[in-house]
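Following: one structure in structure tokens, then a few remarks.
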Amino acid sequence: MDTILSLIVDDVAIVSRDRFEIAQPGWISNYGYIRQFSVIIRYTIAQSQDIKILRNAERIISDRTAPPLYPHGGALVNRVLILTPVKDAIGGVPDYCDRLRSLTYPRELLSVGCLEGDSSDDTWPQLQEAIPALERDGFGRTTLLKRDFGYIIPAGAPRSAPSIQRERRSILARSRNHLLLGTLRDEEWVLWLDVDVIEYPRDIIERLLRLDKDILHPHCVIDYGGATFDLNAWRDRGRLHMDDLRSEGDLVELDAVGASMLLIRADLHRDGLIFPPFPYGVGHPVSREDQGEIESEGLGIMALDMGHRCWGLPNLEIRHGRW
């Protein structure tokens, strides 16, 4: 895949990446359909005297029912930007990078972005070494940002303390938005991934992309088969979480999502979908007790207002580290 992009439909087979870049630098179809490669096909066949190739390529270009392109074992060929906000994570950064290296999705289609802020340990210098190394290992590109917001969890308060969640998650929402705006380029998907998600299937990206949903959230737990850890994913005004929905099947509708691992079609972000750092949706019919929602839960409500559904995978579990 470093030098050849194969388009296999009938007897039209190979387009070189060199010609692809000349024809349309940095451009790949949003949805992976052959007809959206018309620019590169036309450029390639214009240099060919083969009438058979010309006619077949022109037929593909004009065929609005052309099938998706699946050269990677069933997953759409899309570029994915993995984004992770980081704070006080010096013990988790090496394993985080090792897990990324273990992914089976083609590395050249993966980019990684991290934003560190307000750490009291040496997370920042560790990231400065670890994240660029991913690019040297074949990842598409890496971006490392720093933004301090001046927020410190009160002494003696656990990170999960209810009394600090509104302020803590408001800062987290701002961190995610800064990271998104500082990194997103021409990727088709954004995968939000927390640094302390400690285990997930190596083919998780392929599994998520195959479902072709705009917003998709696996089930984040501490122990496989156990209770939901990421309680920001819910339905019925917060009364139903993913562990309540296992019996409904592998794919369920959600009103709000968590961002421990969250796949979002990048165009939704381009259209204005963010992580609200303020209460969003006060009085909304799916918000809880008319209080509005912030961060990833607010994103879920905002997505509904934009006409998009959130989806959960209660039987596809990923493991979070213990707090």
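Within region 154-167, the presence of a residue that is touching a strand residue (DSSP E or B) at 6+ places or on another chain (Cβ under 8 Å) and not polar (S, T, N, Q) is excluded.
The residues of region 276-320 that are closer than 15 Å to residue 238 by Cβ, touching a residue at least 60 places away in the same chain (Cβ under 8 Å) and assigned to a loop (DSSP other than H, G, I, E, B) amount to a single one, 294. The numbered conditions (1) closer than 28 Å to residue 317 by Cα; (2) under 17 Å from the mean Cα position of the chain (by Cα); (3) not polar (S, T, N, Q) are all true for residue 182 except (1).
Just one of the listed residues (129, 116) is surrounded by 13 or more Cβ atoms within 10 Å (Cβ to Cβ) and acidic (Asp, Glu), namely 116. Of the candidates 122, 148, the single residue that is at pLDDT 95 or above, more than 22 Å from the chain's Cα centre (by Cα) and farther than 30 Å from residue 291 by Cα is 122. With respect to (1) over 25 Å from residue 85 (Cβ atoms); (2) more than 16 Å from the chain's Cα centre (by Cα); (3) not in a loop (DSSP other than H, G, I, E, B), the lone exception for residue 226 is condition (3). Residue pairs whose Cβ atoms lie under 6 Å apart, sitting 6 or more positions apart in sequence or on different chains, and linking a residue in region 146-160 that is closer than 29 Å to residue 182 by Cα to a partner that is β-branched (Val, Ile, Thr), are 149/171; 151/171.
Candidates in region 280-311 are the residues that are in contact with an Asp or Glu (Cβ under 7 Å, 6 or more places away or on another chain) and over 11 Å from residue 215 (Cα atoms); of these, the one that is surrounded by the fewest Cβ atoms within 10 Å (Cβ to Cβ) is 283. If the Cβ limit is 7 Å and pairs must be 6+ apart or interchain, which residue in region 209-226 that is over 19 Å from residue 299 (Cβ atoms) and assigned by TED's automatic domain parsing to the domain that holds residue 249 pairs with which residue that is of a type in the set (Val, Ile, Thr) and modelled with pLDDT of 95 or more? Pairs found: 221/228. Being of a type in the set (Lys, Arg) and assigned to a helix (DSSP H, G or I) holds for only one residue in 237, 210, 202, and it is 210. Answer yes or no: is there a residue in region 178-199 that is closer than 26 Å to residue 287 by Cβ and surrounded by fewer than 20 Cβ atoms within 10 Å (Cβ to Cβ). Yes - at least one qualifying residue is present in region 178-199.
Each residue in region 228-274 was checked for being of a type in the set (Phe, Trp, Tyr) and within 18 Å of residue 195 (Cα to Cα), and 1 pass. Restricting attention to region 287-301, the residues that are closer than 22 Å to residue 220 by Cα and either in contact with a Ser or Thr (Cβ under 9 Å, 6 or more places away or on another chain) or not basic (Lys, Arg) (or both) add up to 10. Just one of (1) at positive phi; (2) out of contact with any helix residue (DSSP H, G or I) (no Cβ under 6 Å at 6 or more places or on another chain) fails for residue 281. It is (2). Restricting to region 173-190, name every residue that is assigned to a helix (DSSP H, G or I) and either polar (S, T, N, Q) or touching a residue at least 40 places away in the same chain (Cβ under 8 Å) (or both). Residues satisfying the conditions are 173, 174, 175, 176, 177, 178, 179, 180, 182, 183. Quick test for you: out of 172, 181, pick the one residue that is closer than 22 Å to residue 97 by Cβ, modelled with pLDDT of 95 or more and either not acidic (Asp, Glu) or not assigned by TED's automatic domain parsing to the domain that holds residue 108 (or both). Only one candidate qualifies: 172.
The values are calculated or read from the model by the stated rules, or taken from the named source; none is laboratory data. Values in this document were obtained by computation on a predicted structure and should not be read as measured data. Quick reminder, even Gly has a Cβ in these numbers, built from the backbone with ideal geometry, and neighbours come from all protein chains shown.
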